[in-house]
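The values are calculated or read from the model by the stated rules, or taken from the named source; none is laboratory data. Being a predicted model, the structure only gives us computed values, none of them experimental. Using ideal geometry, Cβ is built from the backbone for each residue, glycine included, and neighbour counts are taken over all protein chains shown. We work out accessible area using only protein heavy atoms, side chains counted, and drop any ligands, DNA or RNA first. Shrake-Rupley method; radii C 1.70, N 1.55, O 1.52, S 1.80 Å.
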Amino acid sequence: MSRMSSLRRWMGAAALVTTTALPLSARAEVAEEGEKKGELMGIEMKIRHFTLANGMRVFVLEDHSTPMFSMHLGYGVGSRDEVEGRTGFAHFFEHMMYKGSANVPDGGHFRYVLGAGGKMNAFTTADRTQYHCVLPSHYLDLALWLESDRLDSLAVTEENFENQRQAVLEEKAMRIDNVPYTGALQSFFSDVWAGTGYGHSTIGSAADLNAAKVEDVKAFFDKYYVPNNAVLAIVGDVDYEEVKAKVDSTFGDIPRGEAPPKHEPIDHTQDKPLERTVADPLAQQPLYLVGWKTVPENHPDRHAVEIMMNALLRGDSARITRILQDEKKLVIASVPIGSASGGHDAGSAMAAFIPMPGKTFDDINAVINGEIATVKKSGITAKELSKAVNQITVDTVTSLGTNDGRADLIVTGALLYDDPTIVLSDLDKYRKVTVADIKRVANKYLTDNRLVLQVTPKK
Amino acid sequence: MTTTKLIAAASVALSLTLVPACKKEKGTEPPLTVTPTGTTAQTDAPPTEPRVKETVYPDPPAPGPRKPVNFPQAETFTLPNGLAVYVVRNAEVPTITTQLVMRCGSMDAEFVAPFTASMLGEGTASRSKAKIDEAIEFVGGRIAAGAGLHSTTVWSHVLAKDAKLAMVLMADEAMNPTFPATALQKLKDQTKGALGYNKSQPDLLASVLFDHVVYPEGHPYGRLFPTPEQIDAISVDDLREFHETFYKPNNAYLIISGDVDTAKAKSLAERAFGRWAKADTDKLPANPLNKFKSYAHPKALTVHLVDRPGSTQTHIRLGNLAIARGHEDWVGLQVANAILGDDATGRLFQDLREERGLTYGIYSSIEEGQAPGTFVVAT
């Protein structure tokens with residue numbers, strides 16, 4: 001990415017997104033090619049992209065400032081795609097991907113990437129599974145070879161399967177079962193979205209993992225790990241034409257799979273409050289959570305809802321946080337947690353509070369209710385609106401500051417929104433939210449049918 | 001495997017002698033060096049080749065020619081009051097990150113140092129906390145302050161166009177804090193509240209106990225969680241005195257990085273920090289680590305337990321005292337640690353996680369400090 005000083009517009013900067021069609025490549029495997037350009041505050045994202053004949057979408061953003069590149073490969077499969085009785089599979093599969101393939105030994109990814117001075121990891125969410133690495137730019141061949149080999153020929157064996165089942169159960173014990181609040185939060189979030197793909201945690205249940213068979217794993221791989229369900233982004237010191245030729249030769253022969261299943265829209269109706277109190281033997285002090293079901297991520301109200309929650313809760317000067325923390329001294333912490341529950345097609349707005357010792361949920365709840373009533377009646381000020389937009393602007397600009405951040409945002413955009421530069425057009429949408437929008441969404445979504453969880457220490 | 005040998009090596013008693021040195025004004029010079037005496041542990045070299053597999057795998061693609069790396073050059077200058085300024089230009093995106101680092105930390109005053117830092121944002125002679133919060137949050141920026149063992153840092157991150165505002169606020173917090181008593185009480189209550197949370201974190205419990213038993217009595221690196229009584233005892237006067245003693249431009253340095261050039265950095269730094277009065281260097285206290293003249297390893301492998309009812313899992317810390325950051329073997333030890341357990345390619349991870357599936361993760365680390373740090377295997 002290059003920054004063009006002459007184009008820098010500090011205030012009122014808008015995202016500019018254009019798509020230019022380029023002539024198709026002569027190579028048989030490349031079905032479609034083009035360029036997508038975004039510009040914001042003098043930051044330019046000039047993404048060149050192509051699609052292989054097998055359906056794999058590839059995005060390249062050249063930046064030669066350091067001799068490194070970041071590569072993100074996302075698959076459009078997450079825990080929401082799991083079937084009943086086989087929860088935890090998407091994440092379990094992420095582990096299996098490191099157990100070797102036709103040409104790569106078990107653990108080879110770690111050894112080769114870290115051995116080259118790079119770093120690598122992967123993550124699984126409700127909506128996607130993403131593998132990423134950062135390497136010196138002269139290791140491009142290595143990165144493409146490692147990823148294409150496992151997509152082509154993952155070694156799903158009984159031995160690997162058992163070994164990783166133990167590792168995942170161990171991860172669950174460590175990261176979920178042994179950490180205060182986490183179990184209670186996950187079970188609450190699951191109930192909020194019960195009956196949908198978001199109605200269970202990404203880590204899944206130990207019983208399901210124990211019941212899984214190696215055939216299930218193979219079936220999952222064949223269904224979801226196909227090039228037409230994958231998006232690859234490479235950002236950094238690479239040459240587009242070279243990437244195109246090399247992606248062609250490494251991924252081009254992998255056969256296209258069945259079209260990934262489409263997701264149905266998710267009902268956001270909440271016609272009565274969902275309130276729960278859970279005693280957590282690991283917690284030493286209470287944690288309160290208050291939220292509402294709102295809108296899916298592709299809904300036009302998403303930006304206004306996020307700005308409203310930020311104005312109320314984000315930062316010490318935010319309305320509710322200022323009162324709870326500094327004026328009434330009722331809480332140690334008060335933060336908005338937008339994306340903790342649900343996922344891309346199931347949206348909620350939530351806030352978490354850790355009370356000061358001796359302060360009750362009722363004390364805190366009274367302040368929240370009072371402030372929400374005020375917002376419904378009078379909205380927020382123009383200054384509060386600007387502040388929330390400025391906070392999101394700095395977040396966006398900061399995340400665009402690294403190859404890794406840009407590659408992640410490109411894959412996220414392409415996988416979930418079919419728009420690799422959505423990070424820039426999104427910012428434009430945040431900037432267009434008005435004070436009237438805030439009042440409208442407050443009345444529409446902040447209803448009495450709240451989601452309330454109280455986690456209390458178990459005596 | 002290597003672990004067994006390392007335990008053996010670790011249980012060989014080493015007495016590490018410290019050479020006291022004056023601190024603070026020495027800048028980046030490590031004030032403490034460590035000389036191991038007595039028996040030096042001999043670690044047999046374990047086999048270096050990877051685990052033998054039946055399948056023969058091809059070599060991965062060879063890398064292309066290596067390209068030169070041009071690290072950004074840090075420009076440096078010093079203000080007349082002694083504040084050293086480092087400028088690192090990185091204009092990838094229009095943001096500026098600034099750090100003001102004071103050479104003082106919880107090793108100088110266990111509770112007072114972190115409370116002093118946390119109170120900086122609670123109000124200054126000319127700005128209330130609400131005013132500071134509103135000013136920095138309005139531009140989407142952030143300011144934070146905190147104290148570690150060796151140093152105290154005030155930090156900001158803003159769009160480049162707001163760097164002047166950020167630096168003026170940072171300077172005001174560092175130079176003119178008022179330490180309001182009501183805010184101190186709030187902070188004490190918050191800290192006491194967070195104590196419960198911290199004590200419920202199993203990994204933290206294990207790490208704190210490990211450091212406590214490894215270091216000699218009273219050592220700043222080996223402290224337990226504070227008690228509510230200790231927190232209650234902190235006074236506004238304690239904070240004022242600590243601030244007056246240590247928060248001086250000639251006991252600090254400033255790092256400005258991002259979309260900034262030296263000329264702009266100079267004008268920003270001078271404007272914000274130029275009027276900060278310097279300290280008489282002889283008034284800066286001696287390094288508290290100098291009191292600890294020797295360190296000893298336990299005579300035999302000792303096991304310490306934290307009973308945490310309800311745990312579904314065990315956190316283990318295994319290790320011992322190692323060497324100070326300034327020790328001549330530091331780099332060598334770092335390389336050894338990289339091989340043993342720094343990441344998932346380490347032998348510990350490959351053996352205990354990948355080969356045997358005994359744990360989700362196992363890593364080793366060496367902790368850096370002016371005094372000897374620890375070598376620790378954690379799982």
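Odds and ends about this structure:
- Of the criteria (1) out of contact with any helix residue (DSSP H, G or I) (no Cβ under 7 Å at 6 or more places or on another chain); (2) open to solvent by less than 40 Å² (accessible area, probe 1.4 Å); (3) away from every other protein chain (no Cβ under 14 Å); (4) farther than 29 Å from A:V411 by Cα, which one A:V214 fails: (1)
- Selection count, segment B:319-345, where residues are modelled with pLDDT under 90 and either touching a Ser or Thr at 6+ places or on another chain (Cβ under 6 Å) or open to solvent by less than 30 Å² (accessible area, probe 1.4 Å) (or both): 1
- Looking only at residues in segment A:124-157 that are away from chain B (no Cβ under 13 Å) and in contact with a His (Cβ under 7 Å, 6 or more places away or on another chain), the one that is nearest to A:R256 (Cα to Cα) is A:Q130.
- Scanning segment A:188-196 for any residue that is more than 30 Å from A:L287 (Cβ to Cβ), modelled with pLDDT of 90 or more and open to solvent by 30 Å² or more (accessible area, probe 1.4 Å) turns up nothing.
- Qualifying residue in segment B:140-162 (condition: under 20 Å from A:R322 (Cβ atoms) and either in a loop (DSSP other than H, G, I, E, B) or over 26 Å from the mean Cα position of the chain (by Cα) (or both)): yes
- Within segment B:188-225, being without any contact (Cβ under 8 Å) to a residue 24 or more places away in the chain, open to solvent by less than 50 Å² (accessible area, probe 1.4 Å), small (G, A, S) and more than 8 Å from chain A (Cβ to nearest Cβ) holds for one residue alone: B:G222.
- Exclusive hit being outside any helix (DSSP H, G or I), surrounded by 22 or more Cβ atoms within 10 Å (Cβ to Cβ), modelled with pLDDT of 95 or more and in the same structural domain as A:K99 (by TED's automatic domain parsing), set A:L140, A:L135, A:L146: A:L135
- Qualifying residue in segment B:225-241 (condition: assigned by TED's automatic domain parsing to the domain that holds B:I96, within 17 Å of B:H150 (Cβ to Cβ) and not hydroxyl-bearing (S, T, Y)): no
- Considering only residues in segment B:72-87 that are among the aliphatic types (A, V, I, L, M) and either modelled with pLDDT under 95 or touching a Pro at 6+ places or on another chain (Cβ under 6 Å) (or both), the one that is least open to solvent (accessible area, probe 1.4 Å) turns out to be B:L83.
Condition check ((1) closer than 30 Å to A:L415 by Cβ; (2) of a type in the set (A, V, I, L, M, F, W, C); (3) within 11 Å of chain B (Cβ to nearest Cβ)) across all residues:
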position: A:H299; (1), (2), (3): yes, no, no
position: A:H303; (1), (2), (3): yes, no, no
position: A:E306; (1), (2), (3): yes, no, no
position: A:A311; (1), (2), (3): yes, yes, yes
position: A:D316; (1), (2), (3): no, no, yes
position: A:Q325; (1), (2), (3): no, no, yes
position: A:K328; (1), (2), (3): no, no, yes
position: A:A333; (1), (2), (3): no, yes, yes
position: A:G338; (1), (2), (3): yes, no, no
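- A:E242 outside the structural domain of A:R406 (by TED's automatic domain parsing), part of a loop (DSSP other than H, G, I, E, B) and open to solvent by 40 Å² or more (accessible area, probe 1.4 Å): no
- In segment B:258-269, the residues that are over 12 Å from B:V158 (Cβ atoms) and not hydrophobic (A, V, I, L, M, F, W, C): B:D261, B:T262, B:K264, B:K266, B:S267
- Scanning segment B:346-364 for residues that are free of Cβ contacts under 8 Å to residues at least 60 places away in the same chain, of a type in the set (D, E, K, R) and open to solvent by less than 50 Å² (accessible area, probe 1.4 Å) turns up B:R353, B:E354.
- Residues in segment A:342-359 include at least one that is more than 21 Å from A:V423 (Cα to Cα) and more than 14 Å from chain B (Cβ to nearest Cβ).
- Applying the criterion of being buried (at least 20 other Cβ atoms within 10 Å of the Cβ) and facing chain A (nearest Cβ under 9 Å) to the residues of segment B:140-156, the residue that is farthest from A:A388 (Cα to Cα) is B:G141.
- Checked against (1) of a type in the set (G, A, S); (2) in contact with a Ser or Thr (Cβ under 7 Å, 6 or more places away or on another chain); (3) over 28 Å from A:H263 (Cα atoms), A:S341 meets all criteria but (3).
- For segment B:88-113, a residue qualifies if it is hydroxyl-bearing (S, T, Y) and buried (at least 23 other Cβ atoms within 10 Å of the Cβ), and the qualifying residues are B:T95, B:T98.
- Residue count, segment A:252-304 (criterion: under 30 Å from A:A53 (Cα atoms) and either open to solvent by less than 50 Å² (accessible area, probe 1.4 Å) or assigned to a helix (DSSP H, G or I) (or both)): 4
- Checking A:G107 against (1) over 22 Å from A:A211 (Cα atoms); (2) modelled with pLDDT of 90 or more; (3) of a type outside the set (D, E, K, R), the condition it does not meet: (2)
- The set of residues in segment B:365-375 that are assigned to a loop (DSSP other than H, G, I, E, B) and open to solvent by 20 Å² or more (accessible area, probe 1.4 Å) comprises B:E367, B:E368, B:Q370.
Okay, residues lined up against (1) of a type in the set (K, R); (2) loosely packed, with under 15 Cβ neighbours inside 10 Å:
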{"residue": "A:A346", "(1), (2)": "no, no"}
{"residue": "A:M350", "(1), (2)": "no, no"}
{"residue": "A:F361", "(1), (2)": "no, no"}
{"residue": "A:I368", "(1), (2)": "no, no"}
{"residue": "A:I372", "(1), (2)": "no, no"}
{"residue": "A:K377", "(1), (2)": "yes, yes"}
{"residue": "A:E384", "(1), (2)": "no, no"}
{"residue": "A:K387", "(1), (2)": "yes, no"}
{"residue": "A:T396", "(1), (2)": "no, no"}
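- Scan of segment B:274-314 for residues that are without any contact (Cβ under 8 Å) to a residue 40 or more places away in the chain and small (G, A, S), ordered by number: B:A279, B:G310
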